[in-house]
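Colleague: Encoded as C-alpha cells, here's the structure I'll be asking about.
Rule-based calculations on the coordinates, nothing more; no lab input. Nothing here was measured: the structure is a model prediction, and the numbers come from that model. Cβ placement follows ideal geometry from the backbone for every residue including glycine, while neighbour counts extend to all protein chains displayed.
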Amino acid sequence: MRPIIKKFVTLCLASVLTLTLLGTLGGIGAYIYITPQLPEISTLKDVQLQVPLRVFARGGELIAEFGEMKRTPLKYEEFPKALIHAVLAAEDDRFFEHPGVDYQGILRAAWLLARTGERAQGGSTITMQVARNFFLSREKTFLRKINEIFLALKIEGELSKEEILALYLNKIYLGKRAYGFAAAAQVYYGKPLAELDLAEIAMIAGLPKAPSSYNPVVAPERARLRRDYVLGRMRALGYIDQSAYEQARQVEVHAGVHGQNIAVEAPYIAEMVRNEMFSRYGDAAYTSGYEVYTTIDARLQKAANRALRDDLLAYERRHGYRGIIKHIDLLDVDDNGDELSAWRALLQDVKPVGHLSPALIINVGEKDAYAFTRDGRLAYLGWEQIKWARRIIDENHLGRELSHAGEALKIGDVVYVAAAGSGCHWLAQIPRVAGALVSLRPEDGATDVLVGGFDYYQSKFNRVIQAQRQPGSSFKPFVYTAALDKGYTAASIINDAPVVFDAPGLEDTWRPENYSGRFYGPTRLRQALIKSRNLVSIRLLRDIGIGYTIRYVARFGFKPKNLPRDLSLALGSGAITPYELATAYTVFANGGYKVEPYFLDYIRVNKRVISMTRPLQVCHECDARAKAKAEAEEAAVQKEEKKNAPVEKTVADKPTPTPWRLPDEYVDLSEQEWAQIRQGPQLPRAAKQVLSPQTAFLINTMLRDVIRKGTGRRALVLKRRDLGGKTGTTNDQRDAWFTGFNGDVTTIAWVGFDTPQPLGDHETGARAALPMWISYMRAALQGRPETPLEQPAGIVSVRIDPETGELADANQKEAIFEYFRSENVPRRETEEPRTDNPAQGGSDITEQLF
C-alpha cells in the first residue's frame with residue numbers, strides 16, 4: 001500500500017512541478033509575445049484628460065461650462081486624505097504594497113472559476129483599472145485580462161504610486177457624466193471635493209464598482225448600503241474610529257444632481273465665447289480644458305441683468321395684462337394630507353423665465369393676494385403690484401381701471417410673480433417686448449457687460465450683436481460731428497421749419513416732422529441736438545452732403561453699405577447693432593479715438609496662458625512719442641534742406657505748428673535719446689485718433705447738455721456732471737434707445753420688438769430705454785470719481801446772442817457762453833462776415849437749401 005501512496009505522491013509532485021514549469025514558460029512566452037505590443041506608458045505622464053471648456057468673468061467667477069464630460073483634474077496632494085482612504089478601502093486596500101497585480105485576488109478569482117465555472121473580476125487592482133481605462137476595453141476575456149496584468153506591471157515600473165492613484169481619481173467614471181471624484185463632488189453635492197463630509201466621501205468612493213447600480217440619485221437605498229460597506233472597510237483598516245463610523249452611518253442620503261456653481265448669469269456672452277473657441281479649435285474646444293477669461297465684470301453683469309428685466313417688466317405693466325397661465329380647481333386636487341407638496345407638484349411643469357417665478361394664487365383679498373411659488377415660498381402681492389393688470393385693447397388703449405384684486409386674480413390661478421422689494425411681489429408676465437444692454441470701456445473697448453435679452457433659454461437671439469435696428473436720433477451726433485468738421489459751429493443757425501421733399505429712394509412726398517409736431521424757427525445747432533430737432537438735422541445733412549457724411553461716419557466703425565444714401569440718414573434710418581453703436585459712442589467718450597470692442601481677455605490651459613488679446617488702447621504717451629518722432633524727423637529734413645539751400649529759409653517758410661501740444665518731456669530729444677525710447681518697454685497697440693481734440697470736445701459738451709437740459713434730463717437723478725448721451729426713437733416708436741457715457745463707461749440700452757412694430761404712444765427712448773440705462777449706470781458709476789472734460793488748445797469760450805448765434809454785446813443780459821474753435825469765433829452783425837466759414841451765414845445757408 002505504501003509504495004502505491006509513495007508513487008501517487010511522486011506523480012502529483014511531478015505533475016505540479018511540470019504544470020508550474022509549463023505555466024512559467026507560458027507566462028514568459030506570453031510576456032515576450034505581448035509586451036512589445038503594449039502601448040507606451042510614457043503617454044500617461046503627459047496624458048490630456050478630456051476636460052470641458054470653462055468660461056469665467058474678469059475676476060475668475062464661473063460663467064459657463066461646455067462639454068459632455070464633467071471633469072476637474074486635481075493633483076495628488078489636492079485630494080483629501082479621507083477620500084484616498086475611502087477609495088483604497090473600497091477598491092484596493094493593498095495598493096501601496098503590491099507591484100500592480102494582487103496575486104491573492106487573482107488566485108481567489110481562479111478558485112471561483114474552478115469551482116463554479118463563472119468568470120469574475122477578482123483581483124482587479126487600481127493599477128489594473130488605470131490600464132483598462134486608458135488603454136483597454138471593458139470586455140471580460142482572458143486575453144484582455146492578461147494584457148491588463150502585463151500593462152499594470154509595466155505602469156508600476158514607470159510611474160509612482162501617487163501618479164497612478166492621481167490618474168485613477170481623475171479618470172474614473174462615476175455616473176451622471178461625472179469623470180473623476182472632483183466632478184462627482186460637484187455633480188452629486190454641488191460643492192468642491194474639499195468640502196465633503198465623511199458620509200459624502202464614502203458615498204462617492206463606492207461608485208466605481210457600479211456607477212449606475214449604486215447611484216445615490218437613482219437608487220438611494222442600494223447607494224446607502226454601499227456607503228455603509230465602505231465605511232465598515234475604513235473602520236476595519238483603521239482609517240476611522242467607531243465614533244466616526246456610527247456618526248457617518250446616521251446621515252441620510254441627500255445627494256442630488258447639481259450643475260456647476262455658476263456665479264455669473266451671462267449666457268449670451270458665454271455663447272459668444274463658445275462660438276469663438278469652436279471657430280479656433282473645433283471640437284477640441286470642448287475637451288482640451290480651455291479656461292477662457294472674459295472682460296465681463298461680475299458685479300456689473302448682475303446689475304445689467306436686473307436693469308434690463310426691470311425695464312421690460314415696467315413696459316409690460318404700462319401696456320396691460322395678457323392673462324394668467326392657467327387655472328386649477330384646488331378642490332379637485334388630492335393632496336393626501338400634504339397641501340404644500342401638492343401645490344408644488346402643480347407648478348413643476350411651468351418653468352421659471354428670467355427672474356420670474358411660477359406661482360399659485362391661494363388667497364385673494366379686496367386689494368391684495370397671496371401666492372405659493374414653485375420653490376416653496378409664500379409671496380404677497382399688494383394693490384400696487386396688482387392694479388396695473390388692466391385688459392389690453394391695443395398697444396395704446398387699455399380697459400377700465402381695476403377696483404379690486406378679484407377682477408384680475410382668482411384662487412387657483414397660476415401666474416408669474418417677480419420680487420418687488422420690501423417683501424412684496426409683482427404680478428408679472430413674460431415680456432413680449434425685447435431689449436438689449438451693453439457697456440464698453442472707452443479706453444480700450446473691453447466689454448464690461450452684455451445682456452442680449454430677457455432670458456437666454458427662452459430666446460437665444462443675441463440682440464446686442466445680431467439685431468440690425470434703426471438707431472433713430474441716436475445717430476444724429478455723428479451727423480453733427482461731421483458738420484463741426486466742415487466749418488459749422490455749435491452756434492450755427494438752421495431754420496426749424498416745415499419742408500417737403502421729392503427724393504428718390506424715399507416716399508413720393510416726404511414731409512418730416514419733429515416728434516412734438518411743432519416747428520421752432522431759427523435754431524442753434526447745440527439747441528437742435530439737445531431737443532433732438534429732426535428738421536434741423538435734415539437740413540444740416542443736406543448742406544454738408546450725404547456722400548461726405550457717409551464717408552465721414554465710417555471712421556466710427558459704421559459700414560457704409562448699411563447706411564441709406566438719402567436724407568433719412570439724418571434721422572438714423574440705417575441698420576446697425578447695439579454693439580456697433582456702443583463702439584461708435586466710445587469715440588465721443590475717450591476724446592476721439594477709435595477702439596475695437598472685445599470680450600475675450602485671455603485663454604489658459606493647465607494654468608498656462610496660451611492666448612491673450614492685445615486691444616487697441618487710447619495711448620496719449622504713444623501719440624506724444626509718435627509726434628515727437630515726426631517732429632524730430634521733420635527737423636532733420638529741414639536741417640538737410642537748409643544745408644543744401646542757397647538761401648536761408650525765412651520764418652514764413654516754416655511749417656504751420658500742429659494744434660496738438662507736445663508734452664515737455666518729449667521736446668528737443670537727441671537721436672541717442674530717441675534710440676533709447678525705441679528700445680524701451682513695448683507700448684500698447686495705440687488706437688487711431690479719428691477726431692481732433694477740438695471736435696471731440698465740442699460734441700462732448702453738446703451731448704452733456706442733452707442730459708443737463710434736453711431729452712436725457714431724467715439721468716440727472718444720478719447727480720453727476722460728467723455724463724453725456726442721446727436718446728433715440730424711430731418712426732412709430734418701433735425702437736427706443738439711450739446711449740450715454742462718461743470717460744470710464746459707455747453704455748447702450750435698447751427696447752423694441754424682435755419683429756418691428758410700434759411700442760405704443762409716448763414710448764420714446766427717454767421713457768422706454770433711459771430708465772434701464774440709469775439703473776445700470778447707478779451701479780457702474782458707484783465709487784467712481786467724475787471724469788473732467790479738459791478744454792484743449794484752440795478752443796475758446798465767448799458770450800453770444802442765443803437768438804442769432806453772433807457775438808454778444810458787453811451789456812447784453814440774455815447772452816450765453818458758447819465754445820468755438822479759435823478760428824471760428826463769430827462776429828457781430830456790424831462786422832464784416834467771414835468768407836472762409838461756410839457755417840457763418842446761418843440763415844443764408846437755409847435759404848440756399850430750401
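Colleague: Apply the Karplus parameterisation 6.51 cos²θ - 1.76 cosθ + 1.60, with θ equal to phi minus 60°, to every residue of the range 402-417 and state each ³J(HN,Hα) to the nearest whole Hz, in sequence, with x for glycine and proline.
Modeller: 6, 10, 7, 5, x, 6, 10, 10, 9, 4, x, 6, 9, 9, 9, 10
Colleague: Would you calculate the separation in nanometres between label points at Asn133 and Glu162, each defined as 7 Å from the Cα along the Cα-to-beta-carbon direction?
Modeller: Going from the Asn133 label point to the Glu162 one covers 1.9 nm.
Colleague: Would you please put 214-221, 716-723, 82-89 in order of how densely packed they are, using the mean number of other Cβ atoms within 10 angstrom per residue and starting with the highest? Write down the numbers at each step before the final one.
Modeller: Details: 214-221: 17.6, 716-723: 15.4, 82-89: 22.4.
The packing order, highest mean first, is 82-89, 214-221, 716-723.
Colleague: Evaluated at 10 °C with a viscosity of 1.306 mPa s, what Stokes-Einstein diffusion coefficient in µm²/s does the range 186-264 have when Rh comes from the Kirkwood expression over alpha-carbon pairs?
Modeller: On the way: Rh = 13.0 Å.
The calculation lands on 122 µm²/s.
Colleague: Label points 7 Å out from Cα along the Cβ direction at Arg432 and Val717: separation in nm?
Modeller: Output for this residue pair reads 2.7 nm.
Colleague: Using each residue's phi in the range 484-496, evaluate 6.51 cos²θ - 1.76 cosθ + 1.60 at θ = phi - 60° and report the 3J(HN,Hα) Karplus result to the nearest Hz, with x for Gly and Pro.
Modeller: Using θ = phi - 60°, the values come out as 4, 8, 10, x, 6, 10, 5, 9, 4, 9, 10, 7, 8 Hz.
Colleague: To the nearest 0.05, what FRET efficiency results for His254 and Asn606 with a Förster distance of 35 Å applied to their C-beta separation? Write down the numbers at each step before the final one.
Modeller: Details: r = 34 Å, r/R0 = 0.97.
The computed FRET efficiency comes out at 0.55.
Colleague: Follow-up question, since we're still on this one. Structure shown: which of Lys476/Lys719; Lys594/Lys726; Lys607/Lys629; Lys161/Lys607; Lys351/Lys410 lie over 30 Å apart, alpha-carbon to alpha-carbon? Before the final figure, lay out each step's value.
Modeller: Values: Lys476/Lys719 25 Å; Lys594/Lys726 19 Å; Lys607/Lys629 40 Å; Lys161/Lys607 24 Å; Lys351/Lys410 21 Å.
Listed pairs above 30 Å: Lys607/Lys629.
Colleague: Kindly identify the range 676-799 as rounded, prolate or oblate by the Cα gyration tensor criterion: order the square roots of the eigenvalues as a ≥ b ≥ c, call it rounded if a/c is under 1.5, otherwise compare a/b with b/c, prolate if a/b is larger, else oblate.
Modeller: Numbers: a/c = 2.06, a/b = 1.73, b/c = 1.19.
Judged from the Cα gyration tensor, the range 676-799 comes out prolate (a/c at least 1.5, a/b above b/c).
Colleague: If r is the Cβ-Cβ distance from Asp332 to Ser459 and R0 is 45 Å, what FRET efficiency results, to the nearest 0.05?
Modeller: Values: r = 35 Å, r/R0 = 0.77.
Once the sixth-power term is evaluated, E becomes 0.80.
Colleague: Pull out the extension gain between Arg94 and Ala345, defined as 0.36 nm times the separation in residues minus the alpha carbon to alpha carbon distance; nm, one decimal. Numbers along the way, then the final one.
Modeller: Details: separation 251, 0.36 × 251 = 90.36 nm, distance 4.93 nm.
Value of the extension gain: 85.4 nm.
Colleague: Between Cys622 and Tyr281, what is the FRET efficiency for a Förster distance of 30 Å, r being their Cβ-Cβ separation, to the nearest 0.05? Show your work: numbers first, answer last.
Modeller: Values: r = 33 Å, r/R0 = 1.09.
The calculated FRET efficiency here is 0.35.
Colleague: For a label point 7 Å from the Cα of Ala575 along Cα→C-beta, name the residues of the range 719-760 whose backbone N is under 20 Å from it.
Modeller: Answer for the range 719-760: 729-737, 750-759.
Colleague: Next question. How compact is the range 374-488 by the rule of thumb for globular proteins, expressed as Cα Rg over 2.2 N^0.38 Å? Don't skip to the answer; put the middle values down first.
Modeller: Details: Rg = 21.3 Å, N = 115, 2.2 N^0.38 = 13.4 Å.
Against the compact-globule rule of thumb, the ratio is 1.59.
Colleague: Now a separate question. Test of understanding: what is the full-extension gain from Thr613 to Val796, defined as 0.36 nm times their sequence separation minus their Cα-Cα distance?
Modeller: Details: separation 183, 0.36 × 183 = 65.88 nm, distance 4.01 nm.
Length difference between fully extended and current span is 61.9 nm.
Colleague: Here is a further query. Shape verdict for the range 553-604, please, from the Cα gyration tensor: rounded (a/c under 1.5), prolate (a/b greater than b/c) or oblate.
Modeller: prolate
Colleague: Additional query: With a ≥ b ≥ c taken as the square roots of the eigenvalues of the C-alpha gyration tensor of the range 338-385, please select rounded if a/c is under 1.5 and otherwise prolate if a/b is larger than b/c or oblate if it is not? Display every interim value, and only then the final one.
Modeller: Values: a/c = 2.77, a/b = 1.36, b/c = 2.03.
Oblate shape, in that a/c is at least 1.5 and b/c is the bigger or equal ratio.
Colleague: If you don't mind, there's one more thing I want to ask. On average, how much area does the Cα convex hull of the range 427-574 cover when viewed from any direction, in nm²? Please report the intermediate quantities before stating the final value.
Modeller: Values: hull surface 48.1 nm².
The Cα convex hull of the range 427-574, projected and averaged over all directions, gives 12.0 nm².
Colleague: Here is a follow-up. Once you have the Kirkwood Rh of the range 228-358 from its Cα pairs, apply Stokes-Einstein at 25 °C and 0.890 mPa s and quote D in µm²/s.
Modeller: This corresponds to a translational diffusion coefficient of 115 µm²/s.
Colleague: Related question: Give me the net charge for the shell around Gln429: Cβ to Cβ below 10 angstrom, other residues only, Lys and Arg +1, Asp and Glu -1.
Modeller: Numbers: positive: Arg317, Arg322, Arg432; negative: Glu316.
Spelling it out: positives minus negatives among the neighbours equals +2.
Colleague: Once phi is turned into θ = phi - 60°, what whole-Hz ³J(HN,Hα) does the Karplus curve with 6.51, -1.76 and 1.60 give for every residue of the range 271-286, x standing for Gly and Pro?
Modeller: Those phi angles translate into 5, 4, 5, 4, 5, 5, 5, 5, 5, 7, 10, x, 5, 4, 4, 8 Hz.
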